[in-house]
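> Can you read through this structure? Questions will come right after.
The values are calculated or read from the model by the stated rules, or taken from the named source; none is laboratory data. None of these values were measured; they are calculated from a predicted model. Heads up, the Cβs are rebuilt from the backbone with ideal geometry, glycines too, and the neighbour counts pull from every protein chain shown. Just the protein is used for accessible areas: all its heavy atoms, side chains included, with ligands, DNA and RNA removed. Shrake-Rupley method; radii C 1.70, N 1.55, O 1.52, S 1.80 Å.
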Amino acid sequence: FTNGTADPLWNPNANSSVFTLWFDPIANVVYAGGQFTTMGGQTRNRIAALDAGTSVVTGWNPNANNLVLSIVAGGGVVYAGGQFTVVGGQTRSRVAALDAGTGLASTWNPNASTTVQALALSGPTLYAGGDFLTIGGQSRSRIAALSTSSGLATTWNPSAFSTVSAVVVSGSQVFVGGLFNGVGGTPRNNLAAFNVLTGQLMAWNPDANNQVLALLATPSVLYAGGAFTRVGGQIRNNVAALDFTNGQPTAWDPNSDGQVAALAVSGNTVYLGGLFDAVGGQLRNNLAAVDATTGLPTPWTADTDDQVFTLDASTNMVYVGGNFSELSGQPRLFVGAVDPVTGAAS
């Protein structure tokens, strides 16, 4: 597909929205979570595993009874968060650890009181964000650190005033984004950073003026996507790159005309997904590639006809999930893969 024609192989054909994707390079599968009840012609309730090369649905079938909003995997375990109360054959309230081989839920059971929207795995700790007020056997306001061995909440307890939509760990800090105006009794608008060991609030304070939906950490900067128009005192429409130390936006400014809900990076390219019509003054429908140095949109074009919720560019394809029925000019229901060079649907 280097000539721009579509390879019809990667077409899982979900029957409803895909909210989260996670590529596992060891198993060579893409885990998908969302609202769907069928995937690739098979019954798969809200969570599935797809062969990364062919898109064939594997036999892995945890069968969640409600939305799956976030997936991370490591060490033979797939962690899922969302709105479900049953998954992997067990009662599990909104967060669960699933065996990567069998799909069965382990005994690990933090039992969140309500929605888990975001997960980030760092060594023996799983960070969770959402709307919950209790998790892991403790009162935890919308953000918590869970032991991957016991499922219990650690003493790390920052406490957000309202919804946490995104969590990412980088170095000695945990960055969170969402729709809140304070954390730990201190004003913070929609973005905050905490010490990874103590949970102490850091001075880092970009002060976004509206919801942050996605965070992506690279060695040099923290990318943030959402519905904001100002961050760090500067105009940044829906996407920005932030300094790890002072929280100020860099000169990088793609200027999306609508919300950015998904971010991925590969090499010197940052991929944006969301609900927009233009990036950097160029027509780009809901999916765009931006130069990581200049912030300008690249010629890469892979439009969708509706919102993109999730992206993964950690392999030789860009995997895309959302609410669309067309991707890069080809019929693709809710999930698909795009060539990172040509933009052709795979």
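> Can you give the % of DSSP beta bridges in the chain that are antiparallel, to the nearest 5?
In the chain, DSSP labels about 100 percent of beta bridges as antiparallel.
> For segment 130-233, what is the per residue volume of the convex hull drawn over the alpha-carbon atoms, in cubic angstrom?
Roughly 94 Å³ of hull volume per residue.
> Can you check how the C-alpha radius of gyration of segment 1-140 compares to 2.2 N^0.38 Å, as a plain ratio?
Cα-based Rg divided by the globular estimate yields 1.05.
> Find the centroid of the Cα atoms in segment 7-56 and in segment 275-305, then give the distance between the two in whole Å.
Computed from Cα coordinates, the inter-centre distance equals 25 Å.
> Whenever you get a sec, line up Arg142, Arg44 from highest to lowest accessible area (probe 1.4 Å, protein heavy atoms).
Arg142, Arg44
> Carbon and sulfur atoms: what percent of the 1.4 Å accessible area of segment 136-270 do they account for?
Carbon plus sulfur share of accessible area: 46 percent.
> Residue separation times 0.36 nm, minus the C-alpha to C-alpha distance between Asp305 and Leu121: what's the value?
63.0 nm
> A further question follows. Which of rounded, prolate, oblate describes segment 30-91, given a ≥ b ≥ c as roots of the alpha-carbon gyration tensor eigenvalues and a/c under 1.5 marking rounded, otherwise prolate only if a/b is larger than b/c?
oblate
> Let me ask something else about it. Determine, from the Cβ-Cβ distance of Asn268 and Ser172 and an R0 of 22 Å, the FRET efficiency 1/(1 + (r/R0)^6), rounded to the nearest 0.05.
0.25
> Sticking with this one: Mind ordering 162-173, 11-22 by average Cβ neighbours within 10 Å, highest first?
Put in order of decreasing packing, that is 11-22, 162-173.
> Also: Stretched out fully, how many nm does the piece from Thr54 to Thr155 gain, at 0.36 nm a residue minus the Cα gap?
32.0 nm
> While we're looking at this one, here's another question. Taking a label point 7 Å from the Cα of Thr229 along the Cα→Cβ vector, which residues of segment 257-296 have an amide N closer than 15 Å to it?
From segment 257-296, the list is 257-260.
> Using only the Cα atoms, what convex hull volume per residue in Å³ does the chain have?
In the chain, the Cα convex hull volume per residue is 108 Å³.
> Moving on. Ordering Met202, Met317 from largest to smallest accessible area (1.4 angstrom probe), what's the sequence?
Result of the area sort, largest leading: Met202, Met317.
> Follow-up question, since we're still on this one. Over the chain, give the accessible area per residue in Å² for a 1.4 Å probe, as an integer.
Ligands and nucleic acids excluded, the result is 37 Å² per residue.
> Ignoring any ligand, DNA or RNA, what whole percent of the accessible area of segment 1-94 comes from carbon and sulfur when the probe is 1.4 angstrom?
Carbon plus sulfur share of accessible area: 47 percent.
> Using only the heavy atoms of the protein chains and a 1.4 Å probe, how would Asp339, Asp253 rank by accessible area, largest first?
Output order, biggest surface exposure first: Asp253, Asp339.
> If I build a Gaussian network model for the chain, linking alpha-carbon pairs within less than 10 angstrom, which residue out of Ile135, Ile235, Ile26 has the largest mean-square fluctuation?
Of Ile135, Ile235, Ile26, the most mobile in the Gaussian network model is Ile26.
> Put a dot 7 Å past each Cα toward the Cβ at Thr102 and Asn316; how far apart are the dots in nm?
Between Asn316 and Thr102, the simple spin-label model gives 3.5 nm.
> Find the Cα radius of gyration of segment 120-183, compare it with 2.2 N^0.38 Å by division, and give the number to two decimals.
After normalising by residue count via 2.2 N^0.38 Å, the value is 1.01.
> What distance in nm separates the two pseudo spin-label positions at Thr186 and Asn66, each 7 Å out from Cα along the beta-carbon direction?
With each label placed 7 Å out from Cα toward Cβ, I get 3.4 nm.
> Step through the residues of segment 91-106 one at a time and calculate ³J(HN,Hα) from phi using the Karplus curve (6.51 cos²θ - 1.76 cosθ + 1.60, θ = phi - 60°), rounding each to whole Hz and writing x for Gly and Pro.
So the Karplus estimates, Gly and Pro as x, are 6, 9, 8, 6, 8, 8, 10, 10, 5, 5, x, 9, x, 7, 6, 7 Hz.
> If the viscosity is 1.306 mPa s and the temperature 10 °C, what translational diffusion coefficient in µm²/s does Stokes-Einstein give for segment 209-346 when Rh comes from Kirkwood over Cα pairs?
110 µm²/s
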